[in-house]
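The values are calculated or read from the model by the stated rules, or taken from the named source; none is laboratory data. Because the structure is a prediction, the values reported are computed rather than measured. A quick note on method: Cβ atoms are made from the backbone with ideal geometry, for glycine too, and the neighbour counts reach across all protein chains shown.
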Amino acid sequence: MLSRKFLRRTAIAGASLFGLAAIAVASLWELDRAFPPPLPPTLTVSTEVQDRDGQLLRAFATSDGYWRLETRLDQVDKQFVDMLVTYEDKRFWDHEGVDVLALGRAAGQFITSGHIVSGGSTLSMQLARLIEPRESRSLGSKIKQMLRAIQIERRLSKREILERYLTLAPYGGNLEGVRAASLAYFGKEPKRLTVSEAALLVALPQLPEKRRPDRNLQIAHAARDRVLTRMVSSGLLGEREAARAALDDVSGLRRTLPALAAHAAYAMLPKAVPGQPLKLTIRKSVQAGLEQVARDAATKLGPRLSVAMVLADSRTGDILGEVGSANFFDASRSGWIDMTKIVRSPGSTLKPFIYGLAFEQGLVAQETLIEDSPVDFAGYRPKNFDMGYQGDVSIRQALQLSLNVPAIRVLDAVGPARLTARFRQAGVNPILPINEAPGLAIGLGGVGVTLRDLVQLYTGLANGGRTHTLHDGTESANAESATSATILNDQANWQIIDILSGVKPPEGALQRGIAYKTGTSYGYRDAWSVGFDGRYVLGVWVGRPDAGAVPGLSGYVSAAPILFEGFVRSGLATVPLQDKPPGVFSPKRNELPVTLARFGAGADGLVQAAPTEPAPTIIFPPDGARVDLDTNSADASPLVLKLQGGRAPFRWLANGKPLIGIDRRRTATWLPDGAGYSTLTVIDAAGRAASVKVFVE
């Protein structure tokens, strides 16, 4: 039997050892707390500007000059991750930061061979080295690295460790992280790598400068093959699969990282938050296509000329593609200037809205004749682009041919102030000469707008008359909160769509089911083309950023071909144009009532002299009134319409469709077809019109 003395000594010794162990653990715990690893909550990474789907549009190097893109595991090919773990740290998912078996193997190989055969570093240890670079390869540095790895494992999950490694691993030059490397060496994100590409990216971080393929192609090739061989021996790849991968070429090209939407990307930089990508409404595929079209077009157009483009979704106002210049870095074309936001003369591109208001007021039909001949408006004498005149033309022909004189005749009847008020209602504020009221010259470009403004106005034509405020993600919260407004009612809007859809495409372009309008500013300084289908609107500007004249520049010749090519290269499927709304009045010429047969004609068919009476005004029902007529009842009573002013006889129209007869009285009756919004218009013998919009219940 053991003596009591022996048992007492054993108990004391055990207690002492336990105490020493507890002290050691407590000391390590305190050391761990006192000297934590440098693990910032977020890494210092490149600022990324992404498209609406999270694809990289543009990245900006870090302050120390590195391309370092934050990487998540769901952004990386799974097979690459499996190959990396197998090659670098096959027990990564099981150890606590240090792989004792791997260290023992490496030590044994060193003792037997006299040199390093394989390393024992885990991915956690490599991450420790990346976040806290060692000054030497001494034993002390290795021990510190091991302790740091244990500390890292206590603070981060395995997934977080992998993601930090994939973000910080060196890949040659100023490339850090697998995403930057994949984009630079393969031109794609590392989501779907080939076996050959994955093997090369596994091999590079061990000796990034020595193995970088753009400098040492043969060494990179050999390193990739060694990884493939290791994958076969580990059972991760089959021999045939590895052999096929070994036949793939290793590219010696280092590509530039994506640099799309330069102007919008730079505009987003003030909003940058470390570790958070910046988002634009742009779609990468659309942007890439438009930028290529702009570059090609500028090359053909010649030196000093630039191209700007905006493509928007008319249903939401989202800008899906915007090109501020043909080349952001081309100083000869002042590429740094964002020409989508520069105020310029729009030429004839506002004419559709002049005619749209005339349709809305019942002043014209498509086949209404209008005179294209010299005219003097109190000293203002508009002339056509070709300096010739067509004589009598239809409203449809006048707009399709973009004749200037008929447009100004119609604008004179509609009123320039009403046109600009409608623009402001749609969120566009045209720039007028200082201290000048809107005049007739605005119909031919005598006003300042931007390309964005034009596209915003045309979203109404593509969207049944409702415009949307354009936004790309760079705007302030107040700007983004703007919604929509009516630019034309749906009946008048359809008339304009129907006319513009019949404009002949430029030479060599295929008809894509789009409607479009061109314009050329005074002095051949700006060429425009704006087109749309049933959803998307694309605007094109061509000219010199310094506003210099360019002889021969015109919307149809210079900008329209770019418009059609832009629609093709955008990759967007064509959406059918708006269907004809119910109740739209679109008669043939021989079916026109006398007041619509010729613009400005009275009941006798003759053009009237300037009227001296006040213009007609509908006094009942008032504009915006809600009228209860019980339209579902068989004995519903008609609505009595009343007007003041104007010259008799009068013609009334409901939703663009004439009511029966022409009357000299200032009252009429109307029985609506059903409930809902309706537009009532009266036209006097001088061609002047007044309209109200009512809601029938």
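Observations, loosely collected:
- Qualifying positions in region 418-445 - among the basic types (Lys, Arg) and closer than 14 Å to Ile354 by Cα: Arg418, Arg422
- Filtered by the rule that a residue be in contact with a Leu (Cβ under 9 Å, 6 or more places away or on another chain) and farther than 21 Å from Asn327 by Cα, region 531-554 gives Gly531, Phe532, Asp533, Gly534, Arg535, Tyr536, Val537.
- Inspection of region 108-115 finds no residue satisfying the criterion of being at pLDDT 70 or above and either closer than 28 Å to Leu237 by Cβ or assigned to a helix (DSSP H, G or I) (or both).
- Only a single criterion out of (1) surrounded by fewer than 19 Cβ atoms within 10 Å (Cβ to Cβ); (2) under 49 Å from the mean Cα position of the chain (by Cα); (3) at pLDDT 80 or above; (4) under 30 Å from Pro274 (Cα atoms) is not satisfied by Asp94, namely (4).
- No other residue among Val530, Val550, Val542 is of a type in the set (A, V, I, L, M), crowded, with 18+ Cβ neighbours inside 10 Å and either without any contact (Cβ under 8 Å) to a residue 40 or more places away in the chain or assigned to a loop (DSSP other than H, G, I, E, B) (or both) apart from Val550.
- Filter result for Gly427 (within 26 Å of Val375 (Cα to Cα), within 30 Å of the chain's Cα centre (by Cα) and in the same structural domain as Leu563 (by TED's automatic domain parsing)): no
- Selection within region 230-250 - farther than 22 Å from Phe186 by Cβ, part of a loop (DSSP other than H, G, I, E, B) and free of Cβ contacts under 8 Å to residues at least 24 places away in the same chain: Gly235, Gly238
- Any hit, region 288-304, residues being within 12 Å of the chain's Cα centre (by Cα), of a type in the set (Ser, Thr, Tyr) and farther than 14 Å from Ala559 by Cβ: no
- Among the candidates Ala198, Ala149, Ala180, the residue that is under 33 Å from the mean Cα position of the chain (by Cα) and either at pLDDT below 95 or within 25 Å of Thr229 (Cα to Cα) (or both) is uniquely Ala198.
- Check on Ala312, touching a Pro at 6+ places or on another chain (Cβ under 9 Å), modelled with pLDDT of 95 or more and not assigned by TED's automatic domain parsing to the domain that holds Ile496: no
- Of the helices (runs of 4 or more DSSP H) lying entirely inside region 346-453, the ones with 1 or more residues being small (Gly, Ala, Ser) and crowded, with 23+ Cβ neighbours inside 10 Å are found at 351-360, 395-400, 404-414.
- Some residue of region 472-480 being within 23 Å of Asn404 (Cβ to Cβ) and surrounded by 24 or more Cβ atoms within 10 Å (Cβ to Cβ): no
- Which listed residue is crowded, with 18+ Cβ neighbours inside 10 Å, assigned by TED's automatic domain parsing to the domain that holds Arg68, out of contact with any Leu (no Cβ under 8 Å at 6 or more places or on another chain) and farther than 30 Å from Arg295 by Cα, from Ala242, Ala203: Ala203
- Any helices (runs of 4 or more DSSP H) falling wholly within region 170-221 and containing at least 3 residues that are touching a residue at least 60 places away in the same chain (Cβ under 8 Å) and under 24 Å from Val45 (Cβ atoms): 178-186, 195-203
- Scanning region 251-303 for residues that are in a loop (DSSP other than H, G, I, E, B), of a type in the set (D, E, K, R) and touching a Ser or Thr at 6+ places or on another chain (Cβ under 9 Å) yields a single hit, Arg283.
- Filtering region 446-468 for residues that are under 25 Å from the mean Cα position of the chain (by Cα) and free of Cβ contacts under 8 Å to residues at least 24 places away in the same chain leaves a non-empty set.
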